[in-house]
Amino acid sequence: MLSECVRRMPFEKYVYFGDNARAPYGNRPESEIRKFAFEAFEKLSRFPLKAAVIACNTVTAEAADALRAVYPFPVIGVEPAIKPAAAHGGKVLVLATKATAESARFKGLCARCSGGAQITVFSPERLAGEIEKHIFSLDDIALDAHLPRALCDGVVLGCTHYVFLAKRIAAFYGCPTFDG
């Protein structure tokens, strides 16, 4: 995501904050996710920001609105690509963290954007953590230990960690993946 921003806006200055010590957030309670998000934004707000991008579906789902209410700069979040996957049609499997899947924001997104698609949500409990742990050796991750067997027409990658395995997940299910 950052590289795409730099490509499109090469003369802007960028500040990157990654909470690698506490990532992933997806199995944490909402109160802890919000606490961590506000701690990060408190540090980021010391810079003269034009905008902040939350590159995490879970933080967007659990904290974006609260952050927008406090900070004067635009707060841009990411959400699972339900709408394009639903437009593709058929059976859509959404892979999302537990916190994202249980959030009111995600449930509202599904209600608004699912169209005629049949949406099934699955939360791979340890997949984001395995991606964090094996980021330089992703082939070591056994997808069949983390993903359900399912027949689907599309898979939504509802966690920004999962994009690192997009091609493998597409091959695992034999269908396209959709990333927000």
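State which residue is nearest to E125 (Cα to Cα) when the search covers only region 32-53 and only residues that are open to solvent by less than 40 Å² (accessible area, probe 1.4 Å) and free of Cβ contacts under 8 Å to residues at least 24 places away in the same chain. Per the stated criteria, the residue is F36. Restricted to region 111-146, and to residues there that are touching a strand residue (DSSP E or B) at 6+ places or on another chain (Cβ under 7 Å) and open to solvent by less than 30 Å² (accessible area, probe 1.4 Å), the residue that is farthest from A170 (Cα to Cα) is A117. Of the candidates P74, P80, the single residue that is in contact (Cβ under 8 Å) with a residue 60 or more places away in the chain and not aromatic (F, W, Y) is P80. Each residue in region 163-180 was checked for being in contact (Cβ under 8 Å) with a residue 60 or more places away in the chain and assigned to a helix (DSSP H, G or I), and 2 pass.
To keep it simple, each residue is scored yes or no on (1) farther than 15 Å from T160 by Cβ; (2) surrounded by 13 or more Cβ atoms within 10 Å (Cβ to Cβ); (3) among the β-branched types (V, I, T).
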position	(1), (2), (3)
R8	yes, no, no
Y25	no, yes, no
E30	yes, yes, no
A55	no, yes, no
P72	yes, no, no
A85	yes, yes, no
G90	yes, yes, no
L93	yes, yes, no
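Considering (1) without any contact (Cβ under 8 Å) to a residue 60 or more places away in the chain; (2) out of contact with any Gly (no Cβ under 9 Å at 6 or more places or on another chain); (3) open to solvent by less than 20 Å² (accessible area, probe 1.4 Å), the lone condition that F106 does not fulfil carries the number (2). Does region 119-127 contain at least one residue that is within 18 Å of H161 (Cα to Cα), in a strand (DSSP E or B) and at pLDDT 95 or above? Checked region 119-127: at least one residue is within 18 Å of H161 (Cα to Cα), in a strand (DSSP E or B) and at pLDDT 95 or above. Restricting attention to region 10-23 and to residues that are under 27 Å from L95 (Cβ atoms) and open to solvent by 50 Å² or more (accessible area, probe 1.4 Å), the residue that is modelled with the lowest pLDDT turns out to be N20. For region 150-166, the count of residues that are out of contact with any strand residue (DSSP E or B) (no Cβ under 7 Å at 6 or more places or on another chain), over 24 Å from I33 (Cα atoms) and surrounded by fewer than 18 Cβ atoms within 10 Å (Cβ to Cβ) is zero.
The values are calculated or read from the model by the stated rules, or taken from the named source; none is laboratory data. It should be emphasised that the depicted structure is a prediction, and the values quoted were computed from it without experimental measurement. For neighbour counting, all protein chains shown are included, and Cβ atoms are generated from backbone atoms with ideal geometry for every residue, glycine included. Heavy atoms of the whole protein, side chains included, go into the accessibility calculation; ligands, DNA and RNA do not. Shrake-Rupley method; radii C 1.70, N 1.55, O 1.52, S 1.80 Å.
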